[in-house]
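Heads up, the thing below is written out as structure tokens.
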Amino acid sequence: DLVGGEFDEVASTLLPLESHLWQFRRGEQSYRDVFGRTPTIFGRRRFGLARHVFQLLNRQEFLFVTHFCFDDGTFPTKAEPKARWEAPDSTTVEGLARIPVAADSALSFLKFPSILSQTMIADFVATVALVHWPMPDVPWYEDLLRMTRYANVFARFSTLSNYFQTTDPPAISSSISSDDYASPFLVHAHGHGSRQPISEFAQHHRARARFEAVRWLDAVERSIRAQPAPDEELLNSLESKIELQNPEATQHLDSAEQSAFQRVSSFLCPPRPTTQPGTLVVNTLGFDRRVQVPLPPSALAETGDSGTLPDADSANRWV
């Protein structure tokens, strides 16, 4: 079976929503290039769970989720093997909540009869999940596979897709809070000696916001000019550099930002005589907001009573 979803297992829960969506889009393209299809079951080895992720999975047409990870982090658990998790928009996604046992550990097979009997008694769908690296070291896993080829002595192996489709779904949705999830990436960054364990995420948020402003300006400029759809390769390339943390991303972003501002301002505010300087402020978001805009000392900002700023130190206006 095929389980996955994102392009890379980055700290997606700490990144902007646009970055998270880019990981899904790039991952979908990569899965199609390699496997010829995309996964319908979302799963990660590293931590990547959050309440809003379930809403994204529904939008990305994922049917199921493996609700566990194999590193640090906090996430809610259930006694039942299957659970229906509720997203912020009240949509739900069915997931496997039973944390797997290690198939490359001798202790797991020593306890296997006890684990199997407990799930057969307590669970409405008897489930034992096994996880291992591609080459398990213990021979008992191969013995279990060999026995199931002849008869279901202990259990029957099943893929995740077949498990979700042939077993009864949970009848009640699990209501959870965003506080039930805590990612370990800040702790990991500090433990690995990162010099910027927090500010690196803040820098990425700022770079992503600047890129969205560039894309918005480009779309507005071409819509007003009634030009055909532009070549998206340059913007897509710049977006990939930002998400992949290419060192050249900042330089290319500065150039793209300056070019977009010049194109928009050239037809919104044609050049005026040098005796009438001005400043163009554009809100690139889809809602009203009140922000402080730093102006250069040479700029003259007009006030409501046709006055001017008294000095350059006051050249921070709320708009």
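The values are calculated or read from the model by the stated rules, or taken from the named source; none is laboratory data. This is a predicted model, so every value here is computed, not measured. Don't worry about glycine lacking a Cβ; one is built from the backbone with ideal geometry, like all the others, and counts go over all protein chains shown. With ligands, DNA and RNA removed, areas are computed over all heavy atoms of the protein, side chains included. Shrake-Rupley method; radii C 1.70, N 1.55, O 1.52, S 1.80 Å.
In units of the rule-of-thumb radius 2.2 N^0.38 Å, the chain shows an alpha carbon radius of gyration of 1.36. Rolling a 1.4 Å probe over the heavy atoms of the protein chains gives the chain an accessible area of 62 Å² per residue. Computed over protein heavy atoms with a 1.4 angstrom probe, the accessible surface ordering of Lys82, Lys111, Lys241, largest first, is Lys111, Lys241, Lys82.
Output the relative contact order of the range 25-72, whole-number percent, from Cα pairs under 8 angstrom with separation of 6+ residues. After rounding, I find 42 percent.
Can you tell me the relative contact order of the chain? Whole percent, Cα pairs under 8 Å, sequence separation 6 or more. Relative contact order, the chain: 13 percent. Taking the protein heavy atoms of the range 37-76 in the context of the full set of protein chains, the accessible area attributed to carbon and sulfur is 43 percent at 1.4 Å. Converting the Cα gyration tensor eigenvalues of the range 1-90 into ellipsoid dimensions via √(5λ) gives semi-axes, longest first, of 20, 15, 13 Å.
Classify the range 133-259 from the C-alpha gyration tensor, please: rounded if a/c falls under 1.5, else prolate or oblate depending on whether a/b exceeds b/c.
Details: a/c = 2.57, a/b = 2.03, b/c = 1.27.
Prolate, since a/c reaches 1.5 and a/b exceeds b/c.
Cα gyration tensor of the range 144-201, axes a ≥ b ≥ c as square roots of the eigenvalues: rounded (a/c below 1.5), prolate (a/b > b/c) or oblate? It comes out oblate by the Cα gyration axes. Taken over the range 59-101, the alpha-carbon convex hull comes to 96 cubic angstrom per residue. The Cβ shell under 9 Å around Phe70 holds other residues with a net charge of +2, Lys and Arg each +1, Asp and Glu each -1. Summing Lys and Arg as +1 and Asp and Glu as -1 over all other residues whose Cβ lies under 15 Å from the Cβ of Pro184 gives a net charge of -1.
Build a GNM of the chain with springs between Cα atoms under 10 Å apart, and of Pro170, Pro81, Pro294 the one that fluctuates most is Pro294. Exposed loop sites here are chymotrypsin sites (Phe, Trp or Tyr not before Pro) in DSSP loop states with at most 11 other C-beta atoms within 10 Å. What is the longest stretch of the chain lacking them? In the chain, the maximal stretch lacking such sites is 1-149. Among the protein heavy atoms of the range 113-167, carbon and sulfur supply 59% of the accessible surface, probe 1.4 Å, non-protein parts ignored. For Phe109, neighbours were defined as the other residues whose beta-carbon sits under 15 Å from its Cβ, and their charges (Lys and Arg +1, Asp and Glu -1) total -2.
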